[in-house]
1. Per-residue HN-Hα couplings for segment 211-219, Karplus 6.51 cos²θ - 1.76 cosθ + 1.60 at θ = phi - 60°, whole Hz, x for Gly and Pro?
2. How large is log10 I(q)/I(0) at q = 0.12, 0.20, 0.27 Å⁻¹ when the Debye formula is applied to the Cα atoms of segment 1-80, each weighted equally and without solvent?
3. About the Cα centre of the chain, how large is the charge dipole given +1 on each Lys and Arg Cβ and -1 on each Asp and Glu Cβ? Please answer in debye to the nearest 20.
4. Amide H of residue 377: which non-local residues (sequence gap of 5 or more, or other chain) have their own amide H closer than 5 Å, using H built in the peptide plane?
5. Which one of 291, 269, 119 has its Cα pushed farthest toward the positive end of the charge dipole of segment 56-332, where Lys and Arg give +1 and Asp and Glu give -1 at the Cβ?
6. Determine ³J(HN,Hα), in whole Hz, for all residues of segment 5-16 in sequence, where each value follows from phi through the Karplus function 6.51 cos²θ - 1.76 cosθ + 1.60 and θ = phi - 60°; x replaces Gly and Pro.
7. Taking the alpha-carbon distance from residue 364 and a cut-off under 17 Å, which aspartates and glutamates remain once sequence neighbours fewer than 8 residues away in the same chain are dropped?
8. What whole-number distance in Å separates the alpha-carbon centres of segment 162-230 and segment 288-332?
Amino acid sequence: MKILLENALVLKDAFSQPKRAKVLIENGKISKLDDFVEEVVDERYDLSGKLIIPGLINAHTHAAMTLMRGIAEDMYLHDWLFKRIFPIEDRLNPEDVYYGTMLSQMEMARKGIVGYVDMYFHCDAVARAALDFGMKALVTRGLTDVNGLEAGKLKLQQNIDYFQRWHGKEGLILVGFGPHAPYSCSTAYIDHIAKTAYELGATVTIHLYESKQENYSLKELLKTKLSECKVIFAHCVHINKQDMKLLSSENFFVAHNPTSNLKLANGIAPIQRMLKENIRVCLGTDGAASNNTLDIWHEMRLATLLQKKDNPINMKVEEALAMATINGAKASGLTTGTIEIGGDADLVVLDIEKPWYLPQQYLKSHLVHSVNSLDVFATMVKGRWVYFDNNFPTIKESQIRSKFEGVIKKLIDTKN
Ligand SMILES: [Zn+2]
């Protein structure tokens with residue numbers, strides 16, 4: 001299968017400049033780039049007036065939480081989680097999670113996201129939804145041992161089973177491990193999880209220092225096997241200087257979720273100081289119940305503006321674009337985060353024939369500061385369009401919507 005994209009501008013990575021180039025895709029991978037002659041192809045797209053950029057990565061989310069979007073507003077993290085979210089999550093079955101995840105993927109693909117890092121449960125349903133949609137996902141099972149270490153180990157076994165069933169499936173799915181947070185996992189449990197992940201070569205993701213009430217020691221945590229794992233630490237809002245030094249490792253990434261952090265009154269993560277410590281930062285939306293949109297463009301701009309509040313040289317356009325693309329790609333292991341020969345064709349096509357993309361000499365600035373996520377014209381994952389000009393070619397949109405609404409009706413009907 002050969003697909004040719006022509007007449008578009010192409011931004012190959014966060015640090016280069018857009019230029020006119022053709023892109024040839026063969027069997028899901030980019031096989032030719034720039035200027036070449038290719039007469040016989042299966043599909044040819046004239047993308048005049050469009051810009052092609054690497055696909056965005058959502059490095060921290062709980063995809064199925066679209067089921068709880070808007071359900072718990074104006075609350076602090078603790079009450080939000082324990083009084084509103086957990087009681088609903090207790091009632092979710094795999095089919096509910098499947099349709100919540102599907103809706104989330106529709107939103108993400110519509111906004112140029114090609115892959116996401118998920119922490120949830122009923123992970124067979126999450127992985128199945130990603131595969132059915134054709135989107136990339138690093139799937140992790142949220143793990144806690146609040147009901148005792150043995151109960152925690154049963155959850156860990158589920159995570160191992162998910163790994164064996166899904167890891168590497170069709171080049172779209174990776175499975176990692178998701179210890180929820182140091183306040184919901186004992187250190188012994190985290191060590192146990194980390195040893196398992198390390199042996200399997202799997203990535204770990206964990207919430208860290210999200211709210212200022214969280215009281216534990218990262219130094220102690222890193223005395224476990226976690227220190228040798230590849231880890232995505234989500235949030236890191238309330239992190240001190242010493243702890244920042246501990247995160248400055250090439251195995252570690254921080255997933256910054258600025259909207260969720262503000263909405264739950266957790267504050268602003270010190271991203272600029274992290275960048276100075278050479279910490280690798282990527283961007284996440286968190287779940288739709290605490291954001292409420294799954295829009296990495298929005299996170300890019302908000303992250304940038306929050307860091308600029310003290311000094312305008314903080315967070316340059318390239319840094320923001322790198323967080324949304326290549327850093328998320330490296331953290332998740334899902335893609336290259338670039339447009340390059342040999343890489344998976346994971347890309348976004350933006351309609352830039354809009355007043356807010358002029359003057360075109362400064363397109364990269366516009367991608368952070370004046371973009372509208374709905375300007376995404378098409379999103380391709382591994383050479384397949386998952387969103388194209390108001391359509392989702394891999395799914396039946398109306399069926400997903402009505403199933404989703406059925407789940408919502410059931411959740412609300414059984415609430416009282
Ligand atoms: Zn989270």
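1. 10, 6, 6, 6, 10, 7, 10, 5, 4
2. -0.54, -0.89, -1.34
3. About 580 debye.
4. Excluding prolines and chain starts, which carry no amide H, the hits are 349, 350, 351.
5. Comparing the listed Cα positions along the dipole, 269 ranks first.
6. Along segment 5-16, the couplings run 9, 9, 6, 9, 7, 10, 9, 6, 7, 4, 9, 9 Hz.
7. Leaving aside aspartates and glutamates fewer than 8 places away in the same chain, those within reach of residue 364 are 13, 299, 318, 319, 351, 353, 375.
8. 24 Å
Rule-based calculations on the coordinates, nothing more; no lab input. Predicted model only: the values in this text are computed from it and were never measured. Because the Cβ atoms are built from the backbone with ideal geometry, glycine has one as well, and the counts that use them run over all protein chains shown.
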